Every structure is written in C-alpha cells, then in structure tokens.
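Everything on this sheet refers to the single structure shown next.
The values are calculated or read from the model by the stated rules, or taken from the named source; none is laboratory data. None of these values were measured; they are calculated from a predicted model. Cβ placement follows ideal geometry from the backbone for every residue including glycine, while neighbour counts extend to all protein chains displayed. For accessibility, only protein heavy atoms count, side chains too; no ligands or nucleic acids. Shrake-Rupley method; radii C 1.70, N 1.55, O 1.52, S 1.80 Å.
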Amino acid sequence: MFRPVSFVAALLTIIGLAPATQAKKRIDIAPYLEVDQVFIADLKGGNNDMLTYSSVAAGIDTSIQTHNAEAQVNARYEHHFSWNNDLSDQDVLSGLARARVNVAHEALSIEGGAIATRARTDGPGGANGTLVGDNVSQIYSLYAGPTLATNMGALSVNAAYRLGYTRLDSDSSVTTPAGTQNLGGFDDSVTHSASASVGMQPGELPVGWSVGGGYDREDASQLDQRYEGKHIRADVTVPISGHVAIVGGVGYEYIEVSQRDVLVDGSGNPVIDSNGRYATDKSSPRQLSYNQDGLIWDAGVMWRPSRRTSLEVHVGRRYGSMSYTGVLSYRPSDRTSLQIAVYDGISSFGRQLNDNLANLPTSFTLASNPFSGDFSGCAFGKEKGGVCFNDTLQAISAANFRHRGIAAQLTSSSGRWDYGMALGYSRRKFIAPETGIFAGVNGGTDDNYYANLFAGRRLDDRSGIDANLYTNYFNSSLNDSIDVLNMGAYASYYRNFTNRLRGTATLGIDSIDPDGLDSSISGLAQLGLRYQF
C-alpha cells in the first residue's frame, strides 16, 4: 500500500534529519598535533612576492555512531607564524560539528550543530578560495534544541524547537574598497524557531491529513533589526496509485521585518564604529522593511516508485507572489546518493547559516582548506546528502532577503574511491525600508553560481590522494558592489609513516577575477606532519 510522506518529511529525509536506523556501535576520538609549512607565490597580479608562514595546530576529530547517539566533530585551532612583513601572525579557529542524542526511545531527541570558519568581508564576495592576509573575518554559528516525533494511535505528532546564534568578528572594516556600505556589516544575531503538527497517514481514512504551525524570530544587533514570522496550515495527501499521490495545503502566514534608524552626528552623517558597522539610534521608532500577511496555499505531486527514489514538486502562492519548490532524492545503492532541491523563502545570513547546520547529516566528509585551515566549501554526507556553506558565505550582509535557487549534491564511493560533487545557483532579492540609509538596497539582487568537486583514492593501507576543484561566480545589481569569479584546485598526497604519524604534501592554484579590478593568480604549496594521540 502506498504510504506517502509530507513534503517536509521528504525534505528532512534527504538532508539528513530523518530518524536514523540502528547502527553498529562505533566511537572514534582522535586528538592530534600538527605542524605545517605553507608557500604562496603571486603568479599574476600582486607584487610577485613569495609569502611563507609556518603553523602549529591542535585539533580533534570525533565520530560517534550508537543506537542512542550520532555525532561528528572536527575542531581545530592553529597559529600562523609569518616569515614576511606583509603577512601578520594569525590565530585561526575552524571546525564543524553535528550531533543528535535520543533521550526517550527515539521519540524525543536533542539536536545541535556548530561551525567556526572565516570568509572575506572586504568587498570581493565569492573570493573565499585562499583566505590569507588581513581581509577576512572569523565566523561562528551554533544551534541546539529538542525534536519530538511520535505516534498516538494512528496520529503522528511532531514538534521541534531550535535556538541559534551567529556572530562575525572582524579586525578590519567591513566596508567595500570604495568605502560604501550598501548592506551594512553583520555583527551577531539570535534566532528562535518552533514548529508543531499532528496528522494521519492514509489508511485509517482514504486520505492523509495534517494540521500544524510554526513561529520564527531573529534579533540582529545591526540597527536592531528584527524578523518575525508565524503561520498555521492544513495539508492533505490523496493517493492516486501505489506510487503517486496528490498533495496540497492552505493556511495563513504573517511575516514582519523591521529595524531602527542609524545614529547620525551633528552634521547629519551616519556614525560608524571601528569595525565599519552603523551605530543604531536606539530612540528612533521602528521602520518596516517587510510586512506580508494573508492566505498561503500550494499543491503538488509526490512520486515514490521505490524506497530508493522519491520526487515531490509544489507550486503555490507565498510571500506575495507565486512560489515553486521541489525535492528529488535518488539512492541507486547504499554507496551513492543524489539530492536536488528547489527552494524559496525569506532569509538572512544568520538564519541561512543556522539552517545549513540543521541540514547537515551527523556523518560527513569535511574538505578543509589545507593552506589556511579554514572551511568554506561543502561537507559531503557519507550516507546521505551533504551541505554546501559556500553560497551562504559568499556575500555576508545584515539585510534580509527573498532567497530562491536550486542546489544539487552527489556523493558516491566505489572500492578505494570516494567522490562528491555539488552544483548550485541562488538569487537574493534584498528587503529594506523605502526610506533611510538602506533605501537604495531595497529590491536589489545578487546572483551566485557555484560548483565543487571532491575525489579521494586510497592507494594502499598507508597512503592516498585527495583532490578538490571549486569555482564561484558572484554577480550583484547593487551600486558599487564587486562582481567576482573565483576558481581554484588543489591536490594532496598523504602517507602514514606509523599508526600515529602522518605526512602530507599539497599543491594548489587559486585565481580571483573581480570586475573592474586587476585579476590575480596564486600558486600554493604545503608540507605538513601530524601526530595523532
């Protein structure tokens, strides 16, 4: 008998949030110390200098897979010792974590995630291939909360709450090189997200149904910006055959985005702090950036020809216009997984980064930058789809925006080989008050295209090679914004000299081509030695 699931359940399944199947108990905890030597040569542009630095790092890689807990933590702290006057010493904290712990017979679980990484905030959005120098900012984001999924007779009961926090620390101004600050500099934000639903699958009744609602709020420090959204809706599932069902829903939604005015000095000029962010006039009334309420609806088709394939597409009206979403999941084998998602929503940098963490599976392959220790690309799921953070990190701003696009991830392993590929496109249409400092931003758009390819091969029991290729093109309609194409590749060879001592050697190339500015190409090399305790 056809037993369809809702669009949300299908989406959660392919992005790694569905209840895990019982797995063999496995706990791996591997702390390590590492020393590296990095060389960066200007092949085009720049001063044709050779930049060199040494780094000492301490980190830990942890993987836990038991009946009641699933988690992976990759955390690393390193200090860069520069050999050049043009490059200052730096401290780099990077890592990615995702965990789920069952606390009540798998019905109730506590979930959480965190990321620490860096990204450019000096104007050339999209140029995050090689993060060396003083034009980068440290980013932190984390979330945690309970999730309930249980049955009461024939009823399915679901509820979840998530508390999130995102912060950007910058040692330099976050304005663009031209001195403009169209979107404001993101500082930090606190997010709350709660949802609940009750429903029934087809069987007891000819159709399936569910009734639910949700509440989301974000408070951002830049200009005291606030996002608040709430909705209620009812959904039905009508089986047509053993593999096809018609799905649809109707409800009510209210979304409001507001902020305060910028503080001005005696001459009427905006007051900007030492990090280039606008100071907030706390006494000013709130200005509405976005206010949308009313009926929302959607209808679609769900197709599940087998347990390895599912497709669901929806068309409807939301956010004051037509909206199109869809999810495709295909797993031809236990070692290969393909996911494609078309999305549409109102988002911000803080909420989008928190959503990335929530979508991350609890077991993943992490490809960090071997030359700077940062992570700004994709984490490929070992059994399920991964998540790409590069779209979120390409253009950081304090503004809210309508976010639409498509993302696809393919992961596979065969014998000694492991593969991962990600492609995506997104468009952000910015939301701001019609008057005030951000008036010129309202309605502006930017487009981001990205592609990432990862491949690894184990040569023997002690050695292997890894390779990464990446490209990103960022294009903006906002005045004084910089369009940029960033491309690069690197390949690493590793060898285990003993069970605890590993050596690595990496060669890479990175290019940055900003529109209207000189392009640059850098050659990179790294030699490293790691001791695992």
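Here are the numbers:
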{"read-out": "Highest-first arrangement of 49-56, 349-356, 137-144, where packing means the average Cβ count within 10 Å", "value": "349-356, 137-144, 49-56"}
{"read-out": "Sites N84 and R495, calculated FRET efficiency, Cβ-Cβ separation with R0 22 Å, nearest 0.05", "value": "0.15"}
{"read-out": "Contour minus Cα-Cα distance for T445 and R416 (0.36 nm per residue)", "value": "6.1 nm"}
{"read-out": "Sulfur and carbon atoms: percent of accessible area, the chain [1.4 Å]", "value": "57"}
{"read-out": "Fraction of alpha-carbon pairs over 23 Å apart in the stretch 227-371 - percent", "value": "60"}
{"read-out": "Length-normalised contact order of the stretch 256-342 in % [C-alpha pairs under 8 Å, at least 6 apart]", "value": "19"}
{"read-out": "Cβ crowding within 10 Å averaged over residues, with 108-114, 307-313 ranked highest first", "value": "108-114, 307-313"}
{"read-out": "Label-point gap, in nm, between D224 and D518 - each point 7 angstrom along Cα→Cβ", "value": "4.6"}
{"read-out": "Over the chain: helical MRE at 222 nm, DSSP H runs n ≥ 4 each giving -39500 (n - 2.57), nearest 500", "value": "-1000 deg cm²/dmol"}
{"read-out": "Three-way shape call for the stretch 303-369 based on the alpha-carbon gyration tensor, with the a/c threshold at 1.5", "value": "oblate"}
{"read-out": "Peptides 68-76, 233-241, 221-229 ordered by average Cβ neighbours within 10 Å, highest first", "value": "221-229, 68-76, 233-241"}
{"read-out": "Accessible area per residue in Å² at 1.4 Å probe, computed on the stretch 400-453", "value": "42"}
{"read-out": "The chain, relative contact order [Cα under 8 Å, separation at least 6], %", "value": "14"}
{"read-out": "Calculated FRET value between L288 and V101, using beta carbons and R₀ = 35 Å, to 0.05", "value": "0.30"}
{"read-out": "At R0 = 51 Å, FRET efficiency that the Cβ-Cβ distance of D273 and A154 yields, to 0.05", "value": "0.35"}
{"read-out": "Full-extension gain in nm, L529 to E256, via 0.36 nm per residue minus C-alpha separation", "value": "93.1 nm"}
{"read-out": "Where a label projected 7 Å from the Cα of L295 along Cα→Cβ would reach, residues of the stretch 216-241 with amide N under 14 Å", "value": "234"}
{"read-out": "Cα gyration tensor category, rounded, prolate or oblate, for the stretch 369-505 with a/c compared to 1.5", "value": "prolate"}
{"read-out": "Per residue value of the accessible surface for the stretch 49-106 (all protein chains in place, 1.4 Å probe), Å²", "value": "47"}
{"read-out": "Cα centroid separation, the stretch 463-514 to the stretch 399-419 (Å)", "value": "17"}
